[in-house]
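Taken together, the values in this text are just the output of simple stated rules run on the coordinates, not laboratory data. Keep in mind that this is a model prediction, so the values were computed, not measured. Note: ideal-geometry Cβ built from the backbone for every residue, glycine included; neighbour counts use all protein chains shown.
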Protein chains: 2
Amino acid sequence: MTEPLGGNLSRLRQLNTLAVVHALRRQSPLTLTEVAKAANLSRPATEEVLRDLEAQGWVAQVDPVAGSMGRPARRYRFRADAGHVLGVDIGGHTVRAIVADLDGELRHSERRSVSVAAGRAERLRVVDKVIAECLAGAGLTGADLWATTVATTGFVDADGRVVLSVGLPEWTGVHLGEHVSGRVSGPVLVENDCRLAALAETWRGVARYAEHVVYLLAGLRTGAGLVIDGRLHRGFARAAGEIGALPEMGWIRAQEHLRGWSGAPAGTDPDEVVALVFAAARDGDRGALAAVRRYVRDLSIGASALVLALDPQLVVLGGGFSRSADVLLEPFHRELEKRCVRTPEVLPSALGDDAVALGAVKHALDHLEQHIFDPGNGLAAPEPPQRP
Amino acid sequence: MTEPLGGNLSRLRQLNTLAVVHALRRQSPLTLTEVAKAANLSRPATEEVLRDLEAQGWVAQVDPVAGSMGRPARRYRFRADAGHVLGVDIGGHTVRAIVADLDGELRHSERRSVSVAAGRAERLRVVDKVIAECLAGAGLTGADLWATTVATTGFVDADGRVVLSVGLPEWTGVHLGEHVSGRVSGPVLVENDCRLAALAETWRGVARYAEHVVYLLAGLRTGAGLVIDGRLHRGFARAAGEIGALPEMGWIRAQEHLRGWSGAPAGTDPDEVVALVFAAARDGDRGALAAVRRYVRDLSIGASALVLALDPQLVVLGGGFSRSADVLLEPFHRELEKRCVRTPEVLPSALGDDAVALGAVKHALDHLEQHIFDPGNGLAAPEPPQRP
DNA sequence: CTACTAATGCTGGATAGTTTCAAAAGTATC
DNA sequence: GATACTTTTGAAACTATCCAGCATTAGTAG
């Protein structure tokens with residue numbers, strides 16, 4: 001519950017300003033009367049609010065549209081390009097970055113691959129490069145950013161330091177928050193990649209508008225991200241979702257069923273075997289099908305634990321293996337049904353490789369939402385948006 | 001995020017009224033100037049708001065206190081007795097009820113035992129009796145209630161019907177919401193007992209002010225209740241917390257280790273054995289200690305799953321066995337430490353047998369908080385509180 | 001009894017919002 | 001091309017709410 005702080009007349013103006021901004025952010029070219037109705041205000045009041053907002057650069061007029069009855073109305077839009085956010089996904093093989101405007105409209109994205117074996121310095125160099133290229137591609141500089149989220153594997157502390165990364169040993173200890181802060185303006189948030197992928201699904205993916213979501217990262221790693229009450233669940237010490245650490249959950253050994261498949265040519269890289277298993281299973285190979293079934297069984301133990309604990313509306317199957325959802329989904333759902341009191345819907349991720357970076361963008365936007373568009377503060381731009 | 005709805009001048013007054021009520025609810029006898037400061041308002045504005053509130057019966061004046069310098073100030077208090085809430089806990093052996101005022105101050109509580117084997121009708125009769133006695137003891141009638149929460153085992157649907165109760169077979173299908181609605185005014189909420197016990201701990205128990213809490217019901221049944229972001233987590237279909245249904249979690253077989261203890265005299269009721277085991281363990285009996293250790297190990301598997309998934313600040317050990325926390329706590333904590341990435345604090349429940357009924361009271365109060373003291377509606381009493 | 005203190009009651013002024021109405025700028029019709 | 005109609009605009013009058021400041025009042029202290 002937020003503190004109900006009483007106020008001043010100017011506070012009312014603040015609230016009304018926010019209501020107008022909110023109305024325009026929901027649906028963009030809107031006439032004055034439409035805004036007034038949406039914000040539940042009278043026309044003159046709306047007019048004055050809009051005049052102020054226009055002077056401050058928050059909204060702009062759109063050319064009036066002809067062809068309708070009566071005097072043509074002025075139309076306003078929210079200037080989503082007043083500020084931008086950046087989402088960066090630092091993965092094992094790839095570094096991605098996406099720039100979006102305040103409406104979440106993507107402006108530019110960039111990616112570069114990096115060797116899994118790359119050291120800390122080299123990986124950070126790639127990060128810098130991708131950020132620079134992404135900003136340049138969008139025609140921006142770091143100073144135009146209002147918030148940035150960096151996604152990484154492993155545990156991250158509140159300061160933005162990677163406390164522990166299992167997949168990338170050299171990564172442990174890197175102070176990502178500090179590093180990226182030097183390159184962009186505005187706050188830099190650092191967050192676990194799996195959680196951000198979950199967030200992305202509730203934003204632009206298959207979990208849109210779901211309140212409670214369990215996101216499964218099914219890939220060479222297995223992980224989970226939780227969205228509870230529409231918000232990312234981090235936990236007290238940012239360690240939520242690590243249910244796979246419990247041996248009884250089956251996630252530690254799950255991939256072994258796939259990697260250990262005997263149908264692949266001898267000497268194949270174990271990681272490559274996985275793709276072959278799914279392909280073979282798709283073709284009806286009985287050994288491959290059995291391996292997939294064993295994998296799914298182990299995966300579903302941990303998943304069932306999460307489902308039973310949280311009773312989500314939806315389970316999203318993401319990660320690299322979600323490309324093979326056609327083979328996985330049906331047996332997975334059957335296993336859940338066996339174990340759960342109420343079986344939620346299961347859907348494969350629709351976002352592909354961009355999921356994490358998208359989630360990072362959304363996370364940055366959510367941060368702005370709380371600190372800039374929040375009742376309690378009123379509109380508070382990091383720097384007053386410059387006029388065109 | 002709530003819809004920011006713009007407003008009217010009177011909306012500002014609404015907000016200020018709420019701010020004043022909030023200030024008075026937090027700390028009660030307050031002078032006018034103190035209220036003004038707490039609500040961030042000027043003195044004249046506060047005065048007018050208080051005048052209105054007094055006329056409507058929401059606040060009352062307290063006798064001014066002498067002995068200080070200057071003209072003695074009027075002092076106001078929130079009239080917590082303007083309305084009341086009822087919490088009812090329908091357990092296997094006992095039915096409890098608590099009446100509290102709007103501040104959550106307990107006014108009266110009542111309990112009656114009922115046979116585990118009692119049928120539906122008989123149990124409902126006891127419920128009616130306890131409710132009637134509790135109201136009478138507080139000097140109230142059902143019409144004085146603004147909200148009621150009924151706690152029961154098993155799954156409850158949104159309508160207040162018990163969909164499935166494992167412990168009390170005859171209980172499945174009973175429409176508790178409807179039944180109790182006939183006896184009290186105001187909304188009747190029906191909720192799972194375990195969840196309410198968790199809520200109680202965050203209110204008056206050891207988990208005060210913790211944001212994320214896992215509550216374990218350790219007793220003849222094993223269950224869990226989750227508080228996430230300070231709010232009861234119910235899940236999409238009100239089936240959250242049922243992680244014990246998964247065999248891998250160990251909760252199904254956990255009690256067997258205690259019941260099957262060979263140290264009890266032959267023919268002892270299995271339920272009674274449990275108490276003996278704990279007593280023997282306390283005295284250092286090696287067999288009993290081993291049985292307890294085995295129980296704790298199984299209990300901690302499911303607990304670890306919840307902890308790993310949610311990363312709570314605190315685990316509360318409640319339920320009947322929490323009376324033997326001296327024997328359980330230390331090995332339990334050790335087991336958690338073995339399995340969890342970050343081990344939260346573990347504390348035994350401090351509320352005893354009243355936990356569930358207290359949680360029911362709190363749940364009813366929370367409901368009022370949302371519907372009566374919520375910005376968005378302004379103060380909306382179910383019926384305007386009558387003047388004294 | 002007088003000086004001091006802090007709350008009260010009141011008045012005027014400022015701000016934000018609403019309602020109302022004539023003027024303006026278009027389209028539709030003859 | 002003039003007239004009727006429709007909808008937005010701009011301005012004025014009015015109302016509700018809050019704030020600052022000041023004289024008044026009811027106590028304590030010496």
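Here are the numbers:
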quantity: Cα-based shape type of the stretch A:1-155, given that a ≥ b ≥ c are square roots of the gyration tensor eigenvalues and the cut on a/c is 1.5; calculated: prolate
quantity: Shortest-first nm distances, residue B:10 label point to equivalent points in other copies (7 Å, Cα→Cβ); calculated: 2.7
quantity: The stretch B:71-182 - Rg over Rh from alpha carbon coordinates, Kirkwood radius; calculated: 1.10
quantity: Translational D in µm²/s for chain A (Stokes-Einstein at 10 °C, 1.306 mPa s, Kirkwood Rh from C-alpha pairs); calculated: 69
quantity: Candidate aspartates and glutamates for bridging to residue A:362, where Cα separation is under 13 Å - those fewer than 8 sequence places away on the same chain excluded; calculated: A:89, A:101, A:103, A:105, A:191, A:193, A:201, A:354
quantity: Kyte-Doolittle at least -0.5, axis length at least 18 Å by Cα - qualifying DSSP helices, chain B; calculated: B:9-26, B:120-137, B:270-282, B:286-310, B:355-371
quantity: Charge dipole of the stretch B:207-350 about the Cα centre (unit charges at C-beta), most positive-ward option of B:308, B:251, B:215; calculated: B:308
quantity: Volume per residue of the C-alpha convex hull in the stretch B:9-78, rounded to whole Å³; calculated: 82
quantity: Chymotrypsin sites (Phe, Trp or Tyr not before Pro) restricted to the stretch A:180-243 and DSSP loop, no more than 10 other C-beta within 10 Å; calculated: A:209
quantity: Proxy reagent accessibility, fewest Cβ within 10 Å first, across B:17, B:94; calculated: B:94, B:17
quantity: Gyration tensor verdict on the stretch B:157-261 (Cα atoms; rounded if a/c is under 1.5, prolate if a/b is larger than b/c, oblate otherwise); calculated: oblate
quantity: Cβ-vector label at 7 Å, residue B:52, separations to other copies in nm; calculated: 2.2
quantity: Cα-based Rg of the stretch B:207-350 normalised by 2.2 N^0.38 Å, two decimals; calculated: 1.04
quantity: Radius, Kirkwood style, for the protein assembly as shown when every pair of distinct Cα atoms is counted (Å); calculated: 29.2
quantity: Fraction of beta bridges assigned by DSSP in the protein assembly as shown that are antiparallel (%, nearest 5); calculated: 60
quantity: Separation between Cα centres of the stretch A:262-294 and the stretch A:187-260, rounded to whole Å; calculated: 25
quantity: DSSP bridge orientation in chain B - percent antiparallel, rounded to nearest 5; calculated: 60
quantity: Formal net charge of residues neighbouring residue B:253 (Cβ-Cβ distance under 15 Å; K, R +1; D, E -1); calculated: +1
quantity: The stretch B:106-152 - Rg and Dmax from Cα coordinates, angstrom; calculated: 11.7, 33
quantity: Estimated dipole of the stretch B:207-350 in Debye, rounded to 20 [Cβ of Lys and Arg +1, of Asp and Glu -1, Cα centre]; calculated: 180
quantity: Computed helical MRE - 222 nm, chain B, DSSP H runs ≥ 4 contributing -39500 (n - 2.57), nearest 500; calculated: -13000 deg cm²/dmol
quantity: Cα-centre dipole for chain A with unit charges at Cβ (Lys and Arg positive, Asp and Glu negative), debye to 20; calculated: 540
quantity: Around residue A:63: net Lys/Arg minus Asp/Glu count, Cβ-Cβ under 12 Å; calculated: +3
quantity: Order of A:358, A:314 under a 10 Å beta carbon neighbour criterion, fewest first; calculated: A:314, A:358
